Every structure is written in structure tokens, then in C-alpha cells.
Amino acid sequence: MVQVTTTPLRSGASAVRFATRGSGPRIESEVELRSVLASLSGVDAVGADARAAKLATRSIKRSSKMAALDLAISMVDLTTLEGADTPGRVASLCAKAARPDPSDHGVPSVAAVCVYPDLVATAKRALGDAPVAVAAVATAFPSGRASLAVKLADVAEACLAGADEIDMVIDRGAFLAGRLGQVFDEIVAVKAACGPAYLKVILETGELVTYDNVRRASWLAMLAGADFIKTSTGKVPVAATPPVALVMLEAARDFAESTGTAVGVKLAGGIRSAKDAIRYLVLVNETAGSAWLSPERFRFGASSLLNDLLMQRLKQQRGAYVRPDEFSGD
Amino acid sequence: MSDRIDVRKTYKLVIKGAFVRSESGRSYEVTDATGAFWANVAQASRKDLREAVVAARAAQSPWWAASAYNRGQVIYRLAEMAEARRGELAEHVAAAEGVPTAKAAASVARGIDRIVWYAGWTDKVAQVFGGANPVAGPFFNFSLPVPSGVVGVIAPEDSSFEGFVDAVLAPIATGNAVVALASATRPTPALLLGEMSATSDLPGGVMNVLSGDRDELAPVLCAHEDVDGVDLEGAGDAVGALAELAAGSIKRVLRPPTTGASELRKLRAFIETSTVWHTIGQ
């Protein structure tokens, strides 16, 4: 059933500021894929919940908090994925992405803006030469229910318009039905269609039911050549949660240890407060290690989070709580 | 038959219509006027205060959007709830203020009457504080009183119920949402009123009541940029310093009353005037 037999080597220039990745391990057949995934140990669900909850209680002192807020801002994929998105809205989002707080030059740009493929060109134009990547959700986002040809055309169009990063969704139906080879092949094919663009693979963990599935899907995506594994589309009720982040970060860490290839992790959906973001940074540091504390390896997909980060940053500087309408709505 | 075990109560903060312990986990002991143990009370932290302001901000627009008549009904219902618990309130006021029960009961009765009085004010504010202005042109010109928004209240330290009612109900009656610091040494009557607010249809977040250390909380409340006004009646010696903090974000500040102050000053304190022009004719 597996037609594509290798993960393509990463070659040439990649999006904006990412280092070229080395080659991943080769998976020759679906049998081999299954045996690799079967060899993964199960996730201790109670232990994962407890560990994530414990790490959330870590207190961050004031001097570190400022650094954490800036780091979190630089990791945001500022996202708008609404049917009502207009070029004007995307343009204002891009302005905000490049200069999140116009009154303070010290605030870093966000990592990327994330839009639907048809708005990539608009976003590219609006960003100009700002150091912000443009990510497009492609492959029949958010459900992923379309033929491979349609998905590849979606990706190709986004890349042609200049997308630096592609956020694809996996076929959860196929994954849950056990058609792992199909999911793997799709990722490989999309990866090939991406060319130099960075590939983020959305697992939609809210639909994967168990942590074991999250771990397996993470490995499957990384084996197939994902540059990032991402929790959610933000379109289903359950999105990024701390234990799921823990499981994915462990997978990225273990994958890097066994293959030498570092894959990034992106959390998306439901992260709205600076407090949550900092808790996730603690989780990253304690699970995958400080090497993941950079926008090349870790991202937040969010919209309203950015304003809360800016508000808390200003609160640190002024010593007083700030009005939410100090900053533009997304 | 064995003796029944006491059902002891820890008084909680009132934030967003919920009765919560402080997120910090802290509580403190409140004594009665003789110095004997009276109750354990949650001690709010700055983060609790921040949550209360967020809740008040969210609740204010719907509260103001309700009809004036409806707001009056809701506040009247608060008086009904308090009336039913008069005895309990009087017991707390007597213990807190060290006054005889009869005197405490009279104070509670006056407080409840004040709630009814404020209930009556909701649909009269526009008539009394607003107006139709004569202008030199073919226009109607109206001055409409609108609420300031979120009001921080530093309630009187000594008058545990009556004073609290006046400080909190006045801004609520004019359409504001309130974050109130109850008397630090005598918080239980205020916290009881907060409990009653939950059964009076007052939307969660319109009346938030916090107990705790004023030196810790009051500066944060006054400096908070998303608070539109502060009533400093209970601030004591700190009035000047707190008013200065409030000035940082150009808040309305209501200082403690001087003798002979108007009975309407609290009602008038947290109102903005919106001017509307409307053409005369077809």
C-alpha cells in the first residue's frame, strides 16, 4: 500500500530563518512503519496529567517573566482563519505581526502570520521585508476530507503565492481506521509539494482520543518528514492541553535522540493568556530541553494570546494593570 | 445522643458571582469588637483583584444594557434577600462594630432601606442628572448620564454594612460594575451582602467583594488602568497617595465626604455625560 518509500531529503533554502534539516530515518514499507509505531511504549495517562499539572505550578520570578513574555511573543503564529477574513483584516494583522506594540520598539516581531491559502499573497505584500513568515493552512483545512490531488493542488497554490510555511492536516479518519500508510504517504507527498516551505503537520489531537494515539501520530508525522508537529486546527472543541503538549514534546525529544533530527512543536487553539503561555514554556524546557525554546522549534498558534502577552509585558514595565483596549483587537 | 458538630464557615470572596477562596490560598482571622475570634475570611491577593476587574468589565455592558426599570427590580430583590436575613446581618454588625443588638438592627434596617432607595433611583437618574439643553439651532440637544464603567470601592473601615451599602449600591444603581474592598477588620456583613447578590439576579461580576489587606490591595486597585473610577471613602490616611495613583490613568476619584455633603454625591460620582444632538422636524 505504501508507494512512496522514503522521506525526501530536505534540500535548498528553507523559509526565512530556519536551518536546513538533516535527513530523517527511512521507512521502506507500511510493515516497517507499523513495527516502529508498535515499538513505542504506551503513555501513562495519569502520570502525564499529573506531571503537566505539577509543572503548571512552577512560579516564574519577575526578571525571568519579562524574558519569557518576549520569547512567547516571538513564538506566536498570529492566526486568522475565519470565513469572514478580508484582505483588509489580513493586512492589519500583518502590521500587528511585524510590530506588535507600535509604541515600543523593544517588542519582538511574531514568528509568522497564519492565513488561508488565498490570502497568502495579500499577507506577503503587507509584510514586505518584515522578518515574519507567512504560513498557510492547506490540504482541505480543517477537516482534511478531500482527495490527495485536491490537497496537493491546495499546497501548490499556497506555495506559488509565496507561503514560507504550510500547515497541513492529517486524515484523522484514516489514522483512526488504522490506515497508517495512507496518512504517511499523504504527508510525504505534501512534503514533496512544499518544496522549500516548512511543513507543519496538524494532528488534531482533540480527535485522536488517547495519548497513545497522540504519541503514535507524532512519530508517524516526524518519520514522514514533518518539520513541525502541531496539536490542533482550533476548529474542534478540545485543542492544545498541557498533557498533550507533554506527550508531543516527549515524542520530539525522543525522535531527536534516536534520529538526530530535531522537529518543532506547535500548540494551537485555546491558549489565550500569558500565564498559560508561560506554563507551556516551562513544560517545553522541562520536557524537550532549552534547545526547543526558540521560534524555530516551538510555536503558539493564537490570535488573542498576543494581546494578553503585550498587556502583561506592559504591566511588568508600568507596575499597574493595563486596559485591554490599549491594543488593537486582532 | 451525641452533640452535633459545628458547621463552621469560612467567608469567601465574591468574584463573578462565585464564592471563591483566594487564589493565593490565604485566609485571615477576623475578631469581634472585643478581640475574640469571630470568623475565618479569605484574604484576597492582587491576582484575585485582577480577576475581579476582568469580571466587572465583562458584566458592566450587559448590566447597563438592561432597562433602568429592570435594574431597579433586581436591586429591590437584593433588598428582599437582605430583609430575610436581617437577624444574621444584625448579629454580624453587632459583633463587628461592638454595638448593642438593637442598635445594630437599626443600622441594618437603615442599610436595607438604602438599598430600596437606590432601587428607586435607577430610572430617575436620567431625569435628575440629565437634561434637555437649549441650543441656537434647529436641534434637540440632550445630556444623558451614562455610567463610568468599572468602579473600585474602598468601603468605609468602620461602618461595616450601612457604609458598604452606600458605597457599592450607588455606582451599581447608575449602571456601573463594582470591585469593592470590604472593611478589612469587619468584612463579614459586606461578604454576606455579596452572598445575597447571587440570589437577587444581579448578574455575576456586577458586585465583586474582596476582603484582605488594604495596604496590599488598594494601590493595585487605584493604579489599575482598566478601572474607571475609585471611591476612596475608606482609604483613611492613604487618600492622597491613592488619588495620585488613580491620576496615572485619569480615573474619577471620589474623596471621603466632608460634613454637610449632598446625599446625592455618591450617585453623581460615577456618571459621565453623553451629549446627543437630534434634528428638529421631519
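What do you get for the angle between helix A:211-223 and the principal long axis of chain A? Use alpha-carbon atoms, 0 to 90 degrees, nearest ten.
Once rounded, one gets 80 degrees.
Quantify how strongly other chains surround peptide B:45-52 by giving the mean number of their Cβ atoms within 10 Å of each of its Cβ atoms.
That average works out to 1.
Any idea how far apart B:E80 and A:M66 come out in nm if each label point goes 7 Å out from Cα toward Cβ?
So the label points at B:E80 and A:M66 sit 5.5 nm apart.
Just report the Cα centroid separation between the stretch A:171-203 and the stretch A:272-311, whole Å.
25 Å
Would you work out which of A:S103, A:V115, A:V132 lies farthest towards the positive end of the dipole of the stretch A:98-159? Charges go on Cβ: Lys and Arg +1, Asp and Glu -1.
A:V115
Taking K and R as +1 and D and E as -1, what net charge do the other residues with C-beta under 14 Å from the C-beta of B:G205 add up to?
Surrounding charge for B:G205 is -1.
Any aspartates and glutamates with Cα under 13 Å of the B:K266 Cα? List them, leaving off those in the same chain fewer than 8 positions away.
Candidates past the 8-residue exclusion: B:D166, B:D231, B:E233.
Given R₀ = 60 Å, what would the calculated FRET efficiency be for A:S39 paired with B:A109, taking r from the Cβ atoms and rounding to 0.05?
0.20
For the protein assembly as shown, what is the convex hull (Cα atoms) projected area averaged across all directions, in square nanometres?
Dividing the Cα hull surface by four gives the mean projection, 36.9 nm².
Using the Cα gyration tensor of chain B, with a ≥ b ≥ c the square roots of its eigenvalues, what is the shape: rounded (a/c below 1.5), prolate (a/b larger than b/c) or oblate (neither)? Display every interim value, and only then the final one.
Details: a/c = 1.98, a/b = 1.68, b/c = 1.18.
In terms of gyration-tensor shape, prolate.
Counting other C-beta atoms within 10 Å, which of A:L160, B:L191, A:L33 has the fewest, and how do the rest follow?
Exposure proxy ranking, most exposed first: A:L160, A:L33, B:L191.
How crowded by other chains is A:313-326, given as the mean number of beta carbons from other chains within 10 Å of each beta carbon?
Mean partner shielding for this stretch: 4.
So, by mean Cβ neighbours within 10 angstrom, what's the order for A:149-155, A:317-323, B:149-155 with the highest one leading?
B:149-155, A:149-155, A:317-323
Quick check on the exposure proxy: order B:T174, B:T275, B:T122 from fewest to most C-beta atoms within 10 angstrom.
Exposure proxy ranking, most exposed first: B:T275, B:T122, B:T174.
Have a look at B:T279, B:V135, B:G25 and report the one farthest towards the positive end of the charge dipole of the stretch B:15-279, computed about the Cα centre with Cβ charges (Lys/Arg +1, Asp/Glu -1).
B:T279
Based on other C-beta atoms within 10 Å, arrange A:V137, B:V135, B:V99 from fewest to most.
B:V135, B:V99, A:V137
Among rounded, prolate and oblate, which fits chain A when a ≥ b ≥ c are the square roots of the eigenvalues of its C-alpha gyration tensor, a/c under 1.5 means rounded, and a/b larger than b/c means prolate? Let's see the in-between values first.
Values: a/c = 1.86, a/b = 1.29, b/c = 1.44.
Taking the square roots of the gyration eigenvalues as a ≥ b ≥ c, chain A is oblate.
With +1 on each Lys and Arg Cβ and -1 on each Asp and Glu Cβ, how big is the dipole of the stretch A:39-319 about its Cα centre, in debye rounded to the nearest 20? All intermediate terms of the calculation are to be shown ahead of the outcome.
Values: 31 positive and 29 negative charges, 190 e Å.
Taking the Cα centre of the stretch A:39-319 as origin, the dipole is about 920 debye.
Counting only helical runs of four or more DSSP H residues, what would the 222 nm mean residue ellipticity of the protein assembly as shown come to if each run contributes -39,500 (n - 2.57) and the total is spread over all its residues?
It lands at -13500 deg cm²/dmol.
Provide the net charge surrounding B:W38, with neighbours chosen by a C-beta distance below 10 Å and charges set as Lys +1, Arg +1, Asp -1, Glu -1.
Values: positive: B:R186; negative: B:E29, B:D32.
Net charge around B:W38: -1.
Nearest 20 debye, what's the magnitude of the dipole of the stretch B:37-159 about its Cα centre given +1 on Lys and Arg Cβ and -1 on Asp and Glu Cβ? Before the final figure, lay out the partial values.
Details: 12 positive and 11 negative charges, 63 e Å.
Dipole size: approximately 300 debye.
Mind putting a number on the dipole of chain B about its Cα centre? Charges go on the C-beta only, +1 for Lys and Arg and -1 for Asp and Glu, and I need it in Debye to the nearest 20.
Using Cβ point charges on Lys, Arg, Asp and Glu, chain B gives about 480 debye.
Per residue of B:217-225, what is the mean number of Cβ atoms on other protein chains within 10 angstrom of that residue's Cβ?
If you average over the peptide's residues, the count of other-chain Cβ atoms is 3.
Values quoted throughout were computed directly from the atomic coordinates according to the rules given, and no laboratory measurement underlies them. Please read these numbers as outputs of a predicted model, since none were measured by experiment. We place every Cβ from the backbone using ideal geometry, glycine too, and count neighbours over all the protein chains shown.
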